[in-house]
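Scroll down for the structure; my scribbles are underneath it.
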Amino acid sequence: MPWTITRHRFFQPVEAVIAKAFKKIREQGVHGNKHKDAIELSSTNRSKLSKELPCVDVCHSARSTAYDQAMPRVIILRSLPEPLPYTGVVVLTSGYRRLGVDSERKKMAAAGAPKRVLMLCGDYMEDYEAMVPFQALQAYGVAVDAVCPGKKAGEVCRTAVHQDSVHQTYSESRGHNFVLNATFDEIEENKYDGLIIPGGRAPEYLALNESIIQIVRKFSDSGRAIASICHGQLILAAADVVNGRKCTAYSAVKPVLVAAGSDWVEADSWATCVRDGNLITAATYVGHPEYLQLFVEALGGTFHGSKKKVLFLCGDYMEDYEVMVPFQSLQAVGCEVDAVCPKKKAGDTCPTAIHDFEGDQTYSEKPGHDFTLTAQFESVKISSYDALVIPGGRAPEYLALEENVITLVKEFMDSHRPVASICHGQQILSAAGVLKGRKCTAYPAVKLNVVLGGGTWLEPDPIHRCYTDGNLVTGAAWPGHPEFISQLMALLQIRVSF
């Protein structure tokens, strides 16, 4: 029987996926000349691969008996090329007998399948509470499917920016457009190891959806990991899965959870998280680092090599996701992370910008969250840090004019510490003169800066493509965070195993 790589969302380049397949096939002791080796690809990637790698032929495959469903196309690998950079993939033999749900999931795990997580989305879910776990988990090697009732893969859910205000409750403004990557009506909940429920206003109406309720109950009844944050616990209460369970939430959700029989835990800060067996709950996105850590552990994950110290170079109107997603993702794996901005001190905030792709000739901009700094720029000692991260947005265009910023970046690069820069952050790298002879990508509009700065331009095609050249990691935009974060983790020798 052929070996198959189970369906993959292709946040990595095709070459990396192929290389992962070869590594796993070798680990199983199977070689190309002995068996036909197969990997499933989308039509776009299949076409690209057949042009770029002469060692493959395109063919059809009738079914995958492991999943008992048709597989549209399969690439048959005729020979093994030289190893390429990789980051782990699912390998399954297609000869599995049809098993019960729990047995099949265990069999898949034994075969090296990555963990799979389902995220329940809806319009006006909280911006950070959707994207941070979505991209962080992928960076750790977990496959995540984001679905919404009544919507298909490729459609969007509008998000909401919720943050503390001077008024009696939080403020709300429009967030990013979150692109779903799976279709709600096509999912099979028994194929997932864990469930994520973002907060915001979406749970108010999702708690009335019978299909959502049934999914949550099935996860709870089977003992699989469930992580819910902020207002997401309204769905847990509606599904009657919190009776006698310890949980927390945004304070306004307390009456519903108490009425549902939960053992309510009062949040002593916005970062409060509670774990009760397979159930992880949190008050707000401020608690994401512990929330993600607990969820990964509930999935059976272990963190390795995590005790690193990372500095973030911030400024007003840096991109909202490009600071918070890597910031909290690194905290979740155990890194100590500081965020600084010239002329500001710990506790001050930087307003962020939401940059999105809405069909115009360039990205749109909306106000984002206020990001709280953790240290003072002028007190930074570079020798105390293992890596530097430079978010994009509009901050880099003026930070590139600051001599003390240029000096800091040069010292990080000269000391060969990892530097990770995304989107417009490369404007600072160019101004610092550290791109000479280095391979680099960036947001396409920054190509001029990279080329004039002496860098070798690497096209960000697709836009989520990221590259590592020595100690330098570069990415084009926030859709590439899973690659961006995982490549930085690799340089820091941090990994998550399951």
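Are any of the residues in the stretch 451-465 in a helix (DSSP H, G or I) and either over 29 Å from GLN138 (Cβ atoms) or outside the structural domain of LEU137 (by TED's automatic domain parsing) (or both)? Yes, the stretch 451-465 has at least one match.
Regarding SER430, is this residue closer than 14 Å to GLY315 by Cβ, of a type in the set (Ser, Thr, Tyr) and outside any loop (DSSP other than H, G, I, E, B)? Please lay out each step first, then the result.
On the way: closer than 14 Å to GLY315 by Cβ: no; of a type in the set (Ser, Thr, Tyr): yes; outside any loop (DSSP other than H, G, I, E, B): yes.
Here the answer is no, as SER430 does not meet what is asked.
Of the residues making up the stretch 436-473, those that are closer than 20 Å to MET489 by Cα and of a type in the set (Ser, Thr, Tyr) number 3.
What residue, of ASP461, ASP414, is out of contact with any Phe, Trp or Tyr (no Cβ under 7 Å at 6 or more places or on another chain) and modelled with pLDDT under 95? Give the derivation first.
On the way: ASP414 fails: modelled with pLDDT under 95.
Among ASP461, ASP414, only ASP461 is out of contact with any Phe, Trp or Tyr (no Cβ under 7 Å at 6 or more places or on another chain) and modelled with pLDDT under 95.
Inclusion of ALA476 among residues that are surrounded by fewer than 24 Cβ atoms within 10 Å (Cβ to Cβ), assigned by TED's automatic domain parsing to the domain that holds GLU403 and either at pLDDT below 95 or of a type in the set (A, V, I, L, M, F, W, C) (or both) is not warranted.
If you go through the stretch 476-485 and keep only what is within 14 Å of the chain's Cα centre (by Cα) and not aromatic (Phe, Trp, Tyr), you end up with ALA477, PRO479, GLY480, HIS481, PRO482, GLU483, ILE485. Of the residues making up the stretch 261-298, those that are assigned to a loop (DSSP other than H, G, I, E, B) and surrounded by 22 or more Cβ atoms within 10 Å (Cβ to Cβ) number 3. If the condition is being of a type in the set (Lys, Arg) and without any contact (Cβ under 8 Å) to a residue 60 or more places away in the chain, then the stretch 157-210 contributes only ARG158. In this structure, does TYR398 turn out to be in the same structural domain as GLU483 (by TED's automatic domain parsing), aromatic (Phe, Trp, Tyr) and closer than 18 Å to LEU313 by Cβ? So TYR398 fits the description; yes.
Contact annotation: residue pairs with Cβ atoms under 9 Å, 6 or more positions apart or on different chains, pairing a residue in the stretch 392-420 that is farther than 22 Å from ASN471 by Cα with a partner that is aromatic (Phe, Trp, Tyr), are GLY393/TYR317; ARG394/TYR317; ALA395/TYR317.
Could you tell me whether ILE494 is closer than 30 Å to ASP193 by Cβ and buried (at least 20 other Cβ atoms within 10 Å of the Cβ)?
Values: closer than 30 Å to ASP193 by Cβ: yes; buried (at least 20 other Cβ atoms within 10 Å of the Cβ): yes.
It is true that ILE494 is closer than 30 Å to ASP193 by Cβ and buried (at least 20 other Cβ atoms within 10 Å of the Cβ).
Listed by first and then second residue, the pairs linking a residue in the stretch 302-318 that is of a type in the set (Asp, Glu) to a residue that is in a strand (DSSP E or B) and buried (at least 19 other Cβ atoms within 10 Å of the Cβ), with Cβ atoms under 6 Å apart and 6 or more places separating them unless they lie on different chains, are ASP316/CYS350. Within this structure, ARG201 fails the test of being in contact with a helix residue (DSSP H, G or I) (Cβ under 9 Å, 6 or more places away or on another chain), under 11 Å from THR281 (Cα atoms) and of a type in the set (Lys, Arg). Considering the conditions (1) over 28 Å from the mean Cα position of the chain (by Cα); (2) under 29 Å from TRP270 (Cβ atoms); (3) not hydroxyl-bearing (Ser, Thr, Tyr), ALA431 is excluded by exactly one of them, (2). From the list LYS344, LYS366, the one residue that fits, being outside any strand (DSSP E or B), touching a residue at least 24 places away in the same chain (Cβ under 8 Å), of a type in the set (D, E, K, R) and at negative phi, is LYS344.
The values are calculated or read from the model by the stated rules, or taken from the named source; none is laboratory data. Predicted model, so just to flag it, every value in this text is computed and none were measured. Positions of Cβ are backbone-derived with ideal geometry, glycine not excepted, and every protein chain shown enters the neighbour counts.
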